[in-house]
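Just so it is clear, none of the values below were taken in a lab; they were calculated from the coordinates. Only a predicted model underlies this, so the values are computations on that prediction, with no experimental measurement involved. All Cβ positions, glycine included, derive from the backbone under ideal geometry; neighbour counts span all protein chains shown.
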Amino acid sequence: VQERTRLLDAMLGVFSERLKKEAEGGDPRISRSQSLRLLRQIEVLNGLRSDLERNLNEPLALEAGFLEIFVQP
């Protein structure tokens, strides 16, 4: 559980840092659509963390969450 928490925290940190750079105008490689995608990934990641705290089926919750985070719509 601690390893999972650290991984999810690290992922959240990466997404948040990229979004922060975009908000500051410091990373021209990130487009508006990528910013919206980063926001969505952060939302899904927070939802996944919440789901896991409610003791849902862990493998299923992780699979569904990661698919939603990383698979392009």
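Could you give me the ³J(HN,Hα) list for region 57-65, computed from phi with Karplus coefficients 6.51, -1.76, 1.60 and θ = phi - 60°, whole Hz, x at Gly and Pro?
4, 4, x, 5, 5, 5, 4, 4, x
Would you kindly state how much longer the chain becomes between residue 35 and residue 71 on full extension, computed as 0.36 nm times their sequence separation minus their alpha carbon distance, in nm to one decimal?
On the way: separation 36, 0.36 × 36 = 12.96 nm, distance 1.57 nm.
Full extension of this stretch gives 11.4 nm more.
Give the Rg/Rh ratio for the chain, taking Rg as the radius of gyration of the Cα atoms and Rh as the Kirkwood radius, to two decimals. Present the calculation step by step, with values, prior to reporting the outcome.
Values: Rg = 13.2 Å, Rh = 13.0 Å.
Answer for the chain: 1.02.
Quote to one decimal, in nm, the extra length available between residue 20 and residue 4 on full extension: 0.36 nm per residue of separation minus the C-alpha distance between them.
Answer, rounded to one decimal: 3.4 nm.
In what sequence, highest mean first, do 42-49, 53-60, 6-13 appear when ranked by Cβ atoms within 10 angstrom?
So the peptides 42-49, 53-60, 6-13, ranked by packing, come out 42-49, 6-13, 53-60.
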